[in-house]
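Following: one structure in structure tokens, then a few remarks.
Bear in mind that the values in this text are calculations on the coordinates, not laboratory data. The structure presented is a predicted model; accordingly, all values stated were derived computationally and were not measured. Ideal geometry is used to build each Cβ from the backbone, glycine not excepted, and the neighbour counts take in all protein chains shown.
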Amino acid sequence: MILRSIDVKQSNLLVKKYLDSATYYILASNLIENFSNFDANMSDLPEELQCKIAELGAKLRVEKLQLVLLWLCSLRSYRAEILAIILQRQVTGPKSLHLSRLYKAKLLDYLYPEVIHHPQQAYQTTGLG
């Protein structure tokens, strides 16, 4: 209802997406970048976890990164983009390699398992993680 009163194309606030017969809107990428800093506030994380993230460095060991990912997702659910910001990585690396491996190992689960490509999809640890 409210979306109809906003001219979506001119405002550049939302991007129209399609899923089968449904239409939905997501935030424009420039807004996501601006608001990502709010979600990626590291001061909310335990000090020990902040140290582990700082120790990852450029050349990281897969096991260490996966442990950090599991620890982060045990605190709350995180979108892949936010995890990439926290870990100072490209989104494609953690999402395609590490998150998918942890998901396949049933250590992580989707926040919205019924809609895998949900625009706000996030990861959370399972009972095994």
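Backbone geometry of region 74-86 corresponds, through the Karplus equation with coefficients 6.51, -1.76 and 1.60 at θ = phi - 60°, to 3J(HN,Hα) couplings of 7, 7, 6, 7, 10, 6, 4, 5, 6, 4, 4, 5, 4 Hz, x marking Gly and Pro. Close amide H pairs (under 5 Å, H built 1.01 Å from N) link THR126 with LEU108, ASP109, residues at least 5 positions away or on another chain. Which residues' amide hydrogens lie under 5 Å from the amide hydrogen of LEU14, considering only partners 5 or more residues apart or on another chain, with H built in the peptide plane? The list, which skips near neighbours in sequence, is ALA28. Legend: distances between Cα atoms for LYS52/LYS104; LYS52/LYS106; LYS17/LYS104; LYS17/LYS52; LYS59/LYS106; LYS16/LYS52; pairs beyond 31 Å are LYS17/LYS52; LYS16/LYS52. Between ALA58 and HIS118, the FRET efficiency estimated from the beta carbon spacing at R0 = 25 angstrom works out to 0.20. When peptides 44-56, 76-88, 107-119 are sorted by average Cβ neighbour count within 10 Å, with the highest value leading, the order is 76-88, 107-119, 44-56. 3J(HN,Hα) along region 116-123: 4, 9, 4, x, 10, 4, 9, 10 Hz, from the Karplus curve 6.51 cos²θ - 1.76 cosθ + 1.60 with θ = phi - 60°, whole Hz, x for Gly and Pro.
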